[in-house]
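To start, the structure itself, in structure tokens.
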Amino acid sequence: MVSNFVKNSYLGSTPEKDKIRTLTVEFAYKFFTEKQFKRINCLTLPSAWWIFENELSKLCFSNPDNKIFPFYTACEKDYNVFCTAGINIPRSKRGIKNTFAEELDDCMTVGNKMNATLLNIEVFRFMQLSQRNNNFNFVWLDLTCPITSCDEKLPLLNKVTDKENPGIFVLTVLKARENREIKNRVEYISQLVSTMDYQLYEQYTYRDSTPMLHLIYTRKA
Ligand SMILES: C[S@@+](CC[C@H](N)C(=O)[O-])C[C@H]1O[C@@H](n2cnc3c(N)ncnc32)[C@H](O)[C@@H]1O
């Protein structure tokens, strides 16, 4: 089951997802470039392959006179996927260390100081327990559940995001299989995140193995 999921998340296996990912990367690069950011501090769910992160880093380093330095804090709840993701950490030829994060349920972490830290933890649990001053200016929760499984946890974003500067929040959830009725999901989610000053920039629907909803929000400052 897990190996099937990992295989199906490889670049080219889900063309509609590939398009949405690239579009998100291009939007984020433009957003941070226009605002003359030098750093992107990103909370992400990279799965086994870090496709989004590699695409974004490639763009960020594409202009030698105007590089942007991304750092990825990555969560993965499934141990098997975590292990595969651990050997695929972007730009990780040197300096990779394994540790246990005591304050995060003693979860296993692997990463380096320059590019990425990967944690074997559920992402909302990470947000809840994190005592680090994370100040993420880019969060992409690329989830595999419907919104009704996680709506109550979204306010945890407030704990980990940079509220002094502009930022991006992207939420991807299953469009179907809700366990309770919501008339207009986009309106509902937008209302939830508007309390954290995020405004809807664009919404997309696409088909992965099931219909998905992909929402891009921005925050001015
Ligand atoms: C949809 S995939 C991510 C795909 C990736 N962002 C890309 O662009 O190809 C979601 C990954 O996050 C993991 N995941 C899903 N929900 C999670 C959660 N709440 N906390 C931590 N990991 C989660 C899944 O096991 C899976 O490996």
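Every number in this text was worked out from the coordinates using simple rules, so none of it is lab data. As the structure is a computational prediction, the values presented were derived from the model and not from experiment. Note that we place each Cβ from the backbone using ideal geometry, even for glycine, and neighbour counts take in every protein chain shown.
Here is how the numbers come out for the structure above:
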| quantity | calculated |
| --- | --- |
| Cα-based shape type of the range 2-219, given that a ≥ b ≥ c are square roots of the gyration tensor eigenvalues and the cut on a/c is 1.5 | rounded |
| Potential lengthening between Y204 and Q191 on full extension [0.36 nm per residue; Cα-Cα distance subtracted] | 3.0 nm |
| Computed FRET value (nearest 0.05) for K97 with K163, which takes r as the C-beta separation and R₀ as 22 Å | 0.15 |
| Gyration tensor (alpha-carbon) shape descriptor, the range 5-86, a/c threshold 1.5 | prolate |
| Förster-model FRET efficiency, 30 Å R0, K35 and S13, C-beta, rounded to 0.05 | 0.35 |
| Full-stretch length increase - Q131, D106 - with 0.36 nm per residue and alpha-carbon distance subtracted | 7.7 nm |
| For Y201, distant residues with modelled amide H under 5 Å away | I216, Y217, T218 |
| Computed label-point distance, nm, for sites K58 and A176 using a 7 Å Cα→Cβ extension | 3.2 nm |
| Reach of K30 by Cα under 24 Å, taken over lysines that are not fewer than 8 positions away in the same chain | K17, K19, K38, K58, K67, K163, K220 |
| Highest to lowest packing among 49-55, 158-164, scored as the average C-beta count within 10 Å | 49-55, 158-164 |
